[in-house]
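Have a look at the structure below before the remarks.
The values are calculated or read from the model by the stated rules, or taken from the named source; none is laboratory data. Model, not experiment: these values are computed from the prediction. All Cβ positions, glycine included, derive from the backbone under ideal geometry; neighbour counts span all protein chains shown.
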């Protein structure tokens, strides 16, 4: 296995990074070279970005296709890191963001480790997390997540298979703002991949209230997935769904997977009415 540097104050998990930013190849390389990423997580993040971009994946293909135990991975990551002198900036943001996401003694320890490094980009923010720290976090989110989503750079918006892997809500928001043709596919992808229903449902609502029949249908499909995977729904989506034709995918999965006491009277009427029709039909045939 490639030797991992010990300069990093701690490791940042891939599952945190994947939702926080849309990385560039040089940034994945820098994370691995600096030790903020394990080699396994560097390969995983490259694989996820390859899925985001498909035929536009470029250097992510090479990183994702390299075994973490292969000696050439360290060489490849070093080369990518060297190609962009600014690749470390995203890691200053991510390191502070990871530290601030912790609580209690762990948070204090991680912030102290960042402050002790003396890094001009992050040490002052780690010493003052409520002031300078919040400003760095806001600026980093705007640049590395929202800004890249707004430009369309974070995903391949011509690839439906890529969009079905969408897991960043900000990508979907930006796609709505740009009126992307395949935004409904991304809403479905978000419903399938994001772990938090509260992050998914506002984007489902935007699809449900749209003026296009296809996007409204995709919103119903996404809402059905949320019901199945998370057993929940919110009031806004229910209000919007009421104007849609009954008997759709969302109606059925809401009734099947969400507690009935949380569902509105009109959905009760629809399903109980259907059940009565079935019972009468069976009795008549008997």
Of the listed residues (42, 26, 46), the one being touching a residue at least 60 places away in the same chain (Cβ under 8 Å) and buried (at least 20 other Cβ atoms within 10 Å of the Cβ) is 26
Only one of (1) surrounded by 15 or more Cβ atoms within 10 Å (Cβ to Cβ); (2) under 30 Å from residue 55 (Cβ atoms) does not apply to residue 213, and that is (1)
Scanning region 247-263 for residues that are exposed (fewer than 15 other Cβ atoms within 10 Å of the Cβ) and at pLDDT 90 or above gives 256, 259, 260, 261, 262
In region 176-200, residues that are surrounded by fewer than 21 Cβ atoms within 10 Å (Cβ to Cβ) and in a helix (DSSP H, G or I) total 8
Of all helices (runs of 4 or more DSSP H) fully inside region 97-147, the set with 2 or more residues that are out of contact with any helix residue (DSSP H, G or I) (no Cβ under 6 Å at 6 or more places or on another chain) and surrounded by 14 or more Cβ atoms within 10 Å (Cβ to Cβ) is 104-117, 134-141
Going through region 54-65 in order, the residues found to be modelled with pLDDT of 95 or more and either surrounded by fewer than 21 Cβ atoms within 10 Å (Cβ to Cβ) or over 13 Å from residue 80 (Cβ atoms) (or both) are 59, 61, 62, 64, 65
query: Just wondering, is there one or more residues in region 85-96 that are over 23 Å from residue 29 (Cβ atoms) and either in a loop (DSSP other than H, G, I, E, B) or without any contact (Cβ under 8 Å) to a residue 60 or more places away in the chain (or both)?
result: no
Checked 37, 48 against criteria (assigned to a loop (DSSP other than H, G, I, E, B), outside the structural domain of residue 171 (by TED's automatic domain parsing), out of contact with any strand residue (DSSP E or B) (no Cβ under 9 Å at 6 or more places or on another chain) and at pLDDT 95 or above); the one match is 37
Residue set 77, 51; condition in contact with a helix residue (DSSP H, G or I) (Cβ under 6 Å, 6 or more places away or on another chain) and crowded, with 19+ Cβ neighbours inside 10 Å; output residue 77
